[in-house]
Amino acid sequence: MLDVMIKNFRLLQHECLCSLFIMHCRDETKLIQEIVSDIQKELSHELSLSLDAEGLVGMKSRVEDIESLLSFGSTGVLIVGIWGMGGIGKSTTAEAVYHQNCSKFEGQCFFQNVREESQKHGIDHVRQEILGEVLEKKDMTIRTKVLPPAIKRMLQRKKVLIVLDVTDPKDLKYLVGEDGLFGQGSRIIVTSRDRRVLENACDEDKIYEVKILDEDDALRLFSLHAFKQDRPIEGYSGLSKTVVSCVKGIPLVLEVLGGNLYNKRSVEYLESKVAQLRTSGGEAIKKHLEMCYHELNQTEKKIFLDIACFFGRCKKDFLQQTLDLEERSGIDRLADMCLIKIVQDKIKMHDVLLKLGKKIVLQENVDPRERSRLWEADDINRV
């Protein structure tokens, strides 16, 4: 009984303190806004810390620059483009911006590889997926090219954040190009290697170019993957700096080369890698990645090509079911070498690596019947 009385007294005391606090506040709306602002600042601080913890080197300044372009305080619907070469970190940057700011919006969607998904299922399916996620109606079916009035009204009432990776300007226009489709304050982020795609969608001053990492950040990223610390271990500093110089600050290549070096740690191995990098010529990014592929064992190569040609993005459990028991450890080996990423039990392969894998299979033979894998419908029908 005494415990109940103490508990009730504390609840009453808490309510009184809250009432006094609100009474001293002339405007309760202002109080709520201040609380929300404080929470967002705390979340932003936590994300900044997590960027470092996750090894997203050089990401903080990129995120801040893009947030400035997004002008969250202004009304209207705004499209911002993120542009750069393959492997430079466009999708990673967009994802960091998305996670830092999605809580500010009533509807959200992060959709990578519009082209790949539209080739598999059609652009209408992609639009349905995006709008279904934004409206939190994933079972929604849209059977017409023109959006039904009811769906338009729902979208026009929502402030949304959408991130898309697009290669075709027609796809972008079809997915989000209709004026007045989304509510005031909505923001759309588009990533692309093709600047013309972005120029058709947004103002010139709203296109952010993702640049290569500077020398210090590049060395740090390489070290995190090669040595599991933010600087080279003793005896490897000079050679590591030479590797970084050859790679020219491209994050994907730094990660893959660093992961490739991990567990093979010897000065002789790194020296041979430097010699290969120096002779790789202008096709730098492809050559560097091909070198890492050729160092895989047969099982790892098999899994790499299967992911590139058939899976791309799938659940780890699903991929494991296609492999013999003794082969399954190869999945984690590919992750250790940064050739794939495993996030929430889902496997993701960078589109640069997807293309590399398909190119390797296509080079096996001109005749599709003599290749180890077929994924194009035309080739399958011919065979």
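Among the strands (runs of 3 or more DSSP E) confined wholly to segment 48-165, which include 3 or more residues that are closer than 22 Å to GLY312 by Cα? If you could, list the steps in order and put the result at the bottom.
Details: elements: 78-83, 107-111, 160-165.
Correct list: 107-111, 160-165.
Scan segment 214-235 and tell me whether some residue there is in contact with a strand residue (DSSP E or B) (Cβ under 6 Å, 6 or more places away or on another chain), among the basic types (Lys, Arg) and open to solvent by 10 Å² or more (accessible area, probe 1.4 Å). Among the residues of segment 214-235, not one is in contact with a strand residue (DSSP E or B) (Cβ under 6 Å, 6 or more places away or on another chain), among the basic types (Lys, Arg) and open to solvent by 10 Å² or more (accessible area, probe 1.4 Å), which makes the answer no. Checked against (1) touching a helix residue (DSSP H, G or I) at 6+ places or on another chain (Cβ under 7 Å); (2) over 22 Å from ILE189 (Cβ atoms), GLN112 passes all but a single condition, namely (2).
Given the criteria of a type outside the set (Gly, Ala, Ser), open to solvent by 10 Å² or more (accessible area, probe 1.4 Å) and within 22 Å of the chain's Cα centre (by Cα), does ASP194 qualify? So ASP194 passes the test.
Let's see how each residue does on (1) in contact (Cβ under 8 Å) with a residue 40 or more places away in the chain; (2) within 24 Å of ARG115 (Cα to Cα); (3) among the basic types (Lys, Arg); (4) open to solvent by 40 Å² or more (accessible area, probe 1.4 Å):
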position: LYS287; (1), (2), (3), (4): no, no, yes, yes
position: GLU300; (1), (2), (3), (4): no, no, no, no
position: LEU305; (1), (2), (3), (4): yes, yes, no, no
position: GLU327; (1), (2), (3), (4): no, no, no, no
position: LEU356; (1), (2), (3), (4): yes, yes, no, no
position: LYS359; (1), (2), (3), (4): no, yes, yes, yes
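When segment 197-213 is filtered for residues that are open to solvent by 10 Å² or more (accessible area, probe 1.4 Å) and under 12 Å from PRO251 (Cβ atoms), the ones remaining, listed by number, are LYS211, ILE212, LEU213. Take the conditions (1) among the acidic types (Asp, Glu); (2) touching a residue at least 24 places away in the same chain (Cβ under 8 Å); (3) under 19 Å from GLU268 (Cα atoms); ASP214 misses just one of them, which is (3). List the pairs whose first member sits in segment 72-89 and is closer than 15 Å to PHE182 by Cβ, whose second member is among the hydroxyl-bearing types (Ser, Thr, Tyr), and whose Cβ atoms are under 7 Å apart, counting only residues at least 6 apart or on separate chains? Filtered contacts from segment 72-89: VAL77/SER186; LEU78/SER71; VAL80/TYR208.
Residues are listed down the side, and each one gets a yes or a no for (1) open to solvent by less than 20 Å² (accessible area, probe 1.4 Å); (2) among the hydrophobic types (A, V, I, L, M, F, W, C); (3) more than 18 Å from the chain's Cα centre (by Cα):
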site	(1), (2), (3)
GLU67	no, no, no
SER74	no, no, yes
VAL77	no, yes, yes
ILE82	yes, yes, no
ILE88	yes, yes, no
VAL97	yes, yes, no
CYS109	yes, yes, no
HIS121	no, no, yes
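The values are calculated or read from the model by the stated rules, or taken from the named source; none is laboratory data. Keep in mind it's a predicted model, so treat the numbers as computed, not measured. So basically every Cβ, Gly included, is an ideal-geometry build from the backbone, and we count neighbours across all protein chains shown. Areas reflect the complete protein model, heavy atoms only, side chains present, ligands, DNA and RNA absent. Shrake-Rupley method; radii C 1.70, N 1.55, O 1.52, S 1.80 Å.
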